[in-house]
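Heads up: the structure comes next, in structure tokens.
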Amino acid sequence: MAKSKETGDQSRKGPTRPRSKSTNTANTTVESARKTLQAAREALRAAENQYEEVRCKATAQLEQIQHRTVGDVIDETLDFIRKHPGIGVLSATALGYFLGRRIGR
């Protein structure tokens, strides 16, 4: 009787045979999909972090712009021209040229 019980247990488990090519291919495909999904998650986290940094910088710059007056802009422009006179001269020349062309017509 013990012999038939063992045979019954073995028949429930099924014969042990090596995995087929289709099983190996399926496992490889599943593993590849898992790796791709993990890479996508990491890329998403990196994008979220970068978005948060850009959002914080933009918010800070917007707040600075909202609190600036025309006098502040003029003062900053004059300071820039004092530090970089060559750029100031070239900018003034280009602006004068284009305004002259526009108004002269």
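General remarks:
- On inspection, GLN10 qualifies as modelled with pLDDT under 85 and surrounded by 10 or more Cβ atoms within 10 Å (Cβ to Cβ).
- Selection count, segment 70-88, where residues are basic (Lys, Arg) and touching a helix residue (DSSP H, G or I) at 6+ places or on another chain (Cβ under 9 Å): 1
- When residues in segment 79-105 are screened for being surrounded by 11 or more Cβ atoms within 10 Å (Cβ to Cβ) and in contact with a Gly (Cβ under 9 Å, 6 or more places away or on another chain), 2 of them pass.
The values are calculated or read from the model by the stated rules, or taken from the named source; none is laboratory data. Source: prediction; values computed, not measured. Quick reminder, even Gly has a Cβ in these numbers, built from the backbone with ideal geometry, and neighbours come from all protein chains shown.
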